[in-house]
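Undergrad: The following block contains the structure, expressed as structure tokens.
The values are calculated or read from the model by the stated rules, or taken from the named source; none is laboratory data. Keep in mind that this is a model prediction, so the values were computed, not measured. As a convention, Cβ positions derive from the backbone with ideal geometry for all residues, glycine included, and neighbour counts pool all protein chains shown.
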Amino acid sequence: MNIARNVEQVRLRIVQACARVGRDPGEVTLVAVAKTFPPEAIREAAEAGIRDVGENRVQEASAKFQVLGRDVTWHLVGHLQTNKVKKALEIFDWIHSVDSLRLAEEISRRAERVGREVDVLVEVNVSGEPSKFGVRPSELHRLIEQVVRLPHLRLRGLMTIAPLVDDPEKARPYFAALRELRDQLLRSGVADHLPHLSMGMTDDFEVAVEEGATMVRIGRAIFGERG
């Protein structure tokens with residue numbers, strides 16, 4: 001597995017996707033999702049230029065953080081339980097998966113105790129799949145209203161996970177819907193700055209970039225198949 005070559009290829013595909021819609025590739029952050037892969041793989045990716053690393057679970061990330069520390073920016077891209085918030089804030093710079101007021105309040109409380117501001121994204125279940133976490137689109141405006149008032153949180157945008165599909169084009173409507181939800185929030189004035197859309201993974205990230213993704217969460221295309 002040549003991680004450096006894979007990183008280069010993914011970056012090229014991002015550049016090409018941006019070119020198709022007239023975007024600046026510098027607007028897109030590549031988050032390498034290292035779930036199940038060891039610290040050595042992350043270090044190899046970092047040597048290839050990766051600066052942002054995603055993890056799905058706090059416990060797994062903790063072990064890798066002991067090895068790598070602040071050499072990279074850590075993104076929690078999986079579901080976060082309120083009882084794991086304290087530990088998560090010791091590791092993660094970004095939390096992509098805020099999906100309830102209760103969780104946002106706990107992050108705010110814990111962040112205040114350790115004297116830090118936390119960059120967060122609100123996760124939206126655009127597809128409505130019962131197996132997925134995230135706030136319903138119909139409940140998003142109310143949650144955003146509440147989250148923006150909490151101290152020690154910097155609400156930076158929205159996140160979604162598209163359904164698994166056999167053709168990336170079938171994921172496009174979900175990415176477009178997240179962008180439109182963000183634009184509606186901005187038009188309503190409930191938030192004045194939501195610069196980030198975290199959407200797109202290995203099978204569909206080029207379509208996500210074409211639809212406005214500013215963060216793509218790539219695991220398999222960088223690290224290979226999980227064991």
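Undergrad: What are the residues in the range 99-116 that are surrounded by 15 or more Cβ atoms within 10 Å (Cβ to Cβ) and either on the phi > 0 side of the Ramachandran plot or in a loop (DSSP other than H, G, I, E, B) (or both), if any?
TA: ASP99, SER100
Undergrad: While we're looking at this one, here's another question. How many residues does the range 123-167 hold that are assigned to a helix (DSSP H, G or I) and buried (at least 17 other Cβ atoms within 10 Å of the Cβ)?
TA: Selection size over the range 123-167: 5.
Undergrad: Something else about it: Would you call GLU210 over 16 Å from the mean Cα position of the chain (by Cα), surrounded by fewer than 23 Cβ atoms within 10 Å (Cβ to Cβ) and in contact (Cβ under 8 Å) with a residue 40 or more places away in the chain?
TA: yes
Undergrad: I'd like the full set of residues that are under 17 Å from the mean Cα position of the chain (by Cα) and outside any helix (DSSP H, G or I), limited to the range 1-41.
TA: VAL28, THR29, LEU30, VAL31, ALA32, VAL33, ALA34, LYS35
Undergrad: To continue, here is another question. What pairs can you find where one residue is in the range 170-187 and within 15 Å of SER138 (Cα to Cα) and aliphatic (A, V, I, L, M), the other is at pLDDT 95 or above and in a helix (DSSP H, G or I), and their Cβ atoms are less than 7 Å apart, with a gap of 6+ or different chains?
TA: LEU181/PRO137; LEU181/LEU140; LEU185/HIS141; LEU185/ILE144
Undergrad: Given PRO168, PRO173, which one is touching an Asp or Glu at 6+ places or on another chain (Cβ under 6 Å) and either at negative phi or of a type in the set (Asp, Glu) (or both)?
TA: PRO168 is the lone residue from the list that is touching an Asp or Glu at 6+ places or on another chain (Cβ under 6 Å) and either at negative phi or of a type in the set (Asp, Glu) (or both).
Undergrad: Does GLU44 count as under 22 Å from ARG11 (Cα atoms), acidic (Asp, Glu), modelled with pLDDT of 95 or more and not in a loop (DSSP other than H, G, I, E, B)?
TA: Against the criterion (under 22 Å from ARG11 (Cα atoms), acidic (Asp, Glu), modelled with pLDDT of 95 or more and not in a loop (DSSP other than H, G, I, E, B)), GLU44 qualifies.
Undergrad: From the list HIS96, HIS79, which one is under 12 Å from the mean Cα position of the chain (by Cα) and either farther than 15 Å from VAL33 by Cα or part of a loop (DSSP other than H, G, I, E, B) (or both)?
TA: Answer to the selection: HIS79.
Undergrad: Hey, among the residues in the range 168-201 that are in contact with a Leu (Cβ under 9 Å, 6 or more places away or on another chain) and not in a helix (DSSP H, G or I), which one's modelled with the lowest pLDDT?
TA: The qualifying residue modelled with the lowest pLDDT is ASP192.
Undergrad: Quick one: which residue in VAL165, VAL120 is under 16 Å from LEU80 (Cβ atoms), touching a helix residue (DSSP H, G or I) at 6+ places or on another chain (Cβ under 7 Å) and among the hydrophobic types (A, V, I, L, M, F, W, C)?
TA: Only one candidate passes the filter, namely VAL120.
Undergrad: Would you check which residues across the range 64-84 are surrounded by fewer than 23 Cβ atoms within 10 Å (Cβ to Cβ) and under 23 Å from GLN146 (Cβ atoms) and list them?
TA: GLY78, HIS79, GLN81, THR82, ASN83, LYS84
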